[in-house]
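Peer 1: Following this message is one structure expressed as structure tokens.
Derivation of every value follows stated rules applied to the coordinates shown; laboratory data play no part. Keep in mind it's a predicted model, so treat the numbers as computed, not measured. When we count neighbours, we look across all protein chains shown, and the Cβ atoms used for this are built from the backbone with ideal geometry, even at glycine.
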Amino acid sequence: MKKYLFTELNKVWIIGLAVLIPCTLMAEIPKTINFQGFLTNSSGVAVSDGLYDITFSIWDTDTPIDGHQLWQETLQVDVADGIYNAYLGSDTTFDDPNKDGDTSDALSFTRPYYLGIQVAGDDTYITFNGKLLTLSSVGTAFRAQTSSGRVIRTINEDYLITDADDFIFASGLIQLTLPDATANKGKEIAIKKIDTRTLSISIVTQNSQTIDDINRDIVNGGQAFVLDTQYRDITLISNGKNWYRIGKMDIEDIPDNGIQPEKLSDGIPYTKIVISDNQIPG
């Protein structure tokens with residue numbers, strides 16, 4: 001087991017012991033993380049057996065900064081000989097951190113996350129070398145819950161696509177803004193219009209960035225790329241500077257007079273075969 005830390009918190013020390021293990025023995029990966037820990041007093045002796053309230057939180061920064069906490073729950077854990085197990089996500093799910101039924105704030109585990117731990121409501125967070133504990137070891141496992149490891153969202157209002165999004169099912173008269181291409185080299189994003197209404201989905205860029213060398217930043221003189229037909233889609237990849245389409249081309253993407261006939265030749269050589277009396281010569 002990997003030992004992360006031990007930091008004094010109001011005479012209670014916590015040692016995080018190898019801790020972040022996706023709770024699974026089979027291919028299906030559940031939505032909780034098993035955290036194992038060890039509690040001691042300031043003398044290094046295991047605390048008395050009993051129930052303790054521990055608050056766990058997940059951040060997108062390695063130090064607690066206002067506005068960067070993504071998830072939190074307080075669990076009452078049973079401590080025996082100083083050892084406890086906590087199943088993170090058992091009270092507050094990772095796909096709806098604020099419990100409002102909207103999963104747009106779901107944790108994707110596709111980028112670095114950090115774990116904050118507080119004992120009995122203490123305001124002090126446990127740190128290792130001044131930093132929160134990293135959650136990167138479980139990212140791959142949680143990402144495997146999505147289709148082929150892709151994070152899928154359904155959107156029906158204006159939305160700034162994040163670096164955690166992979167596939168967007170979109171509907172309504174909305175605008176989707178791509179993330180910064182320079183910060184997402186190699187990132188692929190697929191967007192599909194799914195509603196039957198003839199409402200346009202506008203796809204725009206930032207910082208005068210282009211899609212197939214056409215400026216799509218409407219703030220800086222560009223024109224949005226539009227999906228206006230049900231089931232039409234676009235898949236984009238960043239080269240570190242701009243966005244480019246990959247995959248199929250729709251008929252709507254071919255400009256007027258984009259295909260011109262070409263004359264092959266004045267004539268095509270052939271040999272005339274005459275079949276008479278229903279007989280084919282041997």
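Peer 1: So how do 113-119, 69-75, 227-233 stack up, highest first, on mean other-Cβ count within 10 Å?
Peer 2: Those peptides, ordered most packed to least, come out 113-119, 69-75, 227-233.
Peer 1: Of LYS99/LYS185; LYS99/LYS193; LYS193/LYS241; LYS31/LYS241; LYS131/LYS192, which pairs sit farther than 29 Å apart, going by alpha carbon to alpha carbon?
Peer 2: From the list (LYS99/LYS185; LYS99/LYS193; LYS193/LYS241; LYS31/LYS241; LYS131/LYS192), the Cα-Cα distance tops 29 Å for LYS99/LYS185; LYS31/LYS241; LYS131/LYS192.
Peer 1: Can you give the FRET efficiency for ALA46 and ALA164, using 1/(1 + (r/R0)^6), R0 = 45 Å, r = Cβ-Cβ distance, to the nearest 0.05?
Peer 2: The value I calculate is 0.70.
Peer 1: Now a separate question. Summing Lys, Arg as +1 and Asp, Glu as -1, what charge do residues with Cβ under 12 Å from the Cβ of THR61 carry, THR61 excluded?
Peer 2: -1
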